[in-house]
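Remarks on the structure that follows.
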Amino acid sequence: MLALRCRRLTKRYGRLLAVDGIDLDIRAGECFGLLGPNGAGKTTTVEIFEGLLPADAGSVEVLGMSWDRDERRIRERIGIQLQETQLAEKLSVIETLILFRSFYARGHDPEQVLRMVGLQEKRKAWVRKLSGGQRQRLSVACALVSDPDVLFFDEPTTGLDPQSRRQLWEILSSFHEQGKTVLLTTHYMEEAERLCDRVAVIDHGRIIALDTPARLIASLGAEHVVEFQSECPADLDAIRRLPGVGAARAEDGVVSLTVAEVHHALPALLAELERQRVRMTSLATHHASLEDVFVALTGRHLRD
Amino acid sequence: MRSRAVWQLSLCKMREFVREPEAVFWVFIFPILLTLALGVAFRSKGPDPILVGVQEGEGASQALAALQAVPGLEVEPVAPEAARQKLREGKLTLVVIPGDPLVFWFDPTRPESRAARLEVNGALQRAAGREDPLSVEIREIHERGSRYIDFLLPGLLGMNLMGTGMWGIGFSIVNARMRNLLKRLVATPMRKRDYLAGQLAGRAVFLFLEVGVLVGFAALVFGVPLRGSLLTLALVSAVGAMTFAGLGLLVASRARTIEGVSGLMNAVMLPMWILSGTFFSTARFPDAMQPLVQALPLTALNDALRGVMIDGASLAVVAPEVGIAAAWGGAAFAGALYLFRWR
């Protein structure tokens, strides 16, 4: 059973090809992430999925239905959280939820949804009195109030503080644990790694990689990344030949290596730099992430 | 389910309105203050005295004595050098130069000067010995409905219906579009016509309050009459409110910024403030402009409201005006539905 299926999806804005022939199958019950930098075409793609933008070419099916024939039936079964929606400032939290509930034939009791997103204490507060994180949780509550089968979230945690971000992740996780489908766009690799069963890396309107986060990272051939800066440029070819070093690239004076085992690669690297008479000015290591996958695929960073 | 959505949408619209103190001020308080100010400024205080100057010279004292006996005239001697300037500045409406021929010096474009000429001529001729062949008896009419405030109030009511209809609908729609809220709403199964119906229904509730407060205030404070039936007044007001709600919807159908919609609103409303007979009669405009003036929705609404309130007209009598307003409203709705953008 597919929650969403699209074929050869294309959208053009003037001369810019925002979505360039995307094919995608999202299974029911899956939490699927669209990961890419700003301007990659994530929002355009999702808004076509949500029936808010017409595609120039290609087909979209949501829960086996098409937007042309079954718009209202689809709308009854999906929940949407848009980037940058500002709900009415002078309505209270519960009034806003009751309003959204009134649009749907079936759904949750608004009071219950308040508990799901942890806003019961703000029940009577006006929207304009809410913090950024609380507003975002209300926006999520409006998407959940119809008890949807599929949730579309477009960068739900952008601009939120770490605590609010974790609260949202918990809400999303518990929705997903009920066996429901989530489609999430984000440019936070940590978010995608943590929440998503599968991730499509999207760049310039194309899907350039699609797999589980673990397998995408494994495709780097190494689990760790070592980054260092030096006073003068090091000889990268020699470094690539070191044992356990997968790839090496230099960008803005920072050299980053993917390595299988830090405790073997690091002494070898230090010895090699000593031999080249290159003095290091900084050194850092971390577990390889989807960010590194993106860098490896495009040569650019997600935040660029 | 459908009716529940319309109900919730109109309920939320009402809540947003009453939680906006500025909006409440402009809809309810401002018209009352305006009525109060204009009612006091233009209160009926009897005719202004006619200011007549008698140029100093031979025969001036006899003429002064004769004219001072006439009620409604205020007479003063004036030096020949000063006469022209006082006439020009309106400090005198007429200057008499006694003698034979008797000279009347005035600006013929000023109606009160022409009236003064007749008054003064009669008085001086009688003082010189003229006998009037007919005797004269004077009757005065002092009836409610013929004062400026009685003319003004229905116009203010019409203007208020226009302003709140257009702003109340247009502003909130553009605001919702700017905040991406319209887009969020169409992402639900909400029917688009339910949204528009909710906007109108939310507006209609305040309509009757707004009309009632203003008409009640004017009746209590200034004794402005309501001669027609309350039901007819309510019907005419409702048609007027929906007409301007439609125009508000049309103006807001594409605008993406508050500045943009404000400019459009003013472009639509400003001509009607002047042309539609709110503060003075549309008869003051030349004949060539009348077809335009009479075709405006606010002119039609003002005329219908005046007919009902002052002349006690029935719905059948004001039907042509109500028809003009309704036609504007219908056309505006149709245009708005065609042009409307949700994002």
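The values are calculated or read from the model by the stated rules, or taken from the named source; none is laboratory data. Here the structure is a predicted model, which means the values were calculated and not measured. Cβ: placed from backbone, ideal geometry, glycine included. Neighbour counts: every protein chain shown.
At-a-glance table
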read-out: Tally of residues being of a type in the set (S, T, N, Q) and outside any loop (DSSP other than H, G, I, E, B) across region B:301-342; value: 1
read-out: Any hit, region A:4-27, residues being under 30 Å from A:R115 (Cα atoms), among the hydrophobic types (A, V, I, L, M, F, W, C) and not in a strand (DSSP E or B); value: no
read-out: Matching entry among A:A222, A:A209, A:A250 (being under 30 Å from A:T10 (Cβ atoms) and among the small types (G, A, S)); value: A:A209
read-out: Failed condition for A:L242, given (1) touching a residue at least 24 places away in the same chain (Cβ under 8 Å); (2) assigned to a helix (DSSP H, G or I); (3) not charged (D, E, K, R); value: (2)
read-out: Any pair with Cβ under 6 angstrom, 6 or more apart, that starts in region B:314-343 at a residue that is within 14 Å of another protein chain (Cβ to nearest Cβ) and ends at one that is part of a helix (DSSP H, G or I); value: B:W342/B:L182; B:W342/B:V186; B:R343/B:K183
read-out: Residue within region A:64-75 that is closer than 23 Å to B:W7 by Cβ, at pLDDT 95 or above and within 14 Å of chain B (Cβ to nearest Cβ) present; value: yes
read-out: Close pairs from region B:53-74: first of a type in the set (S, T, N, Q), partner outside any helix (DSSP H, G or I) and surrounded by 18 or more Cβ atoms within 10 Å (Cβ to Cβ), Cβ under 8 Å, at least 6 apart; value: B:Q55/B:V78; B:Q55/B:V95; B:Q55/B:V96; B:Q55/B:I97; B:Q55/B:P98; B:Q62/B:P98; B:Q68/B:V75
read-out: Unique match (being of a type in the set (K, R) and more than 30 Å from A:L24 (Cα to Cα)) among A:R206, A:R215, A:R277; value: A:R277
read-out: Scan of region A:152-170 for residues that are in a loop (DSSP other than H, G, I, E, B) and touching a residue at least 40 places away in the same chain (Cβ under 8 Å), ordered by number; value: A:E155, A:P156, A:T158
read-out: Scope region A:144-159; condition surrounded by fewer than 20 Cβ atoms within 10 Å (Cβ to Cβ) and more than 14 Å from the chain's Cα centre (by Cα); matching residues; value: A:D147, A:D149
read-out: Residue check, A:I48 touching a strand residue (DSSP E or B) at 6+ places or on another chain (Cβ under 7 Å), over 23 Å from A:S164 (Cβ atoms), free of Cβ contacts under 8 Å to residues at least 60 places away in the same chain and within 14 Å of another protein chain (Cβ to nearest Cβ); value: yes
read-out: Residues located in region A:105-162, provided they are among the charged types (D, E, K, R) and within 19 Å of A:G79 (Cβ to Cβ); value: A:R106, A:D109, A:E111, A:R115, A:R135, A:R137, A:D147, A:D149, A:D154, A:E155
read-out: Selection count where residues are among the aliphatic types (A, V, I, L, M) and more than 20 Å from B:L247 (Cβ to Cβ), scope region B:281-307; value: 3
read-out: Enumeration of residues in region B:8-50 that are within 30 Å of B:E74 (Cα to Cα), among the β-branched types (V, I, T) and under 17 Å from the mean Cα position of the chain (by Cα); value: B:V40
read-out: Set B:A218, B:A201, B:A187: member being within 14 Å of chain A (Cβ to nearest Cβ), surrounded by 23 or more Cβ atoms within 10 Å (Cβ to Cβ) and on the phi < 0 side of the Ramachandran plot; value: B:A187
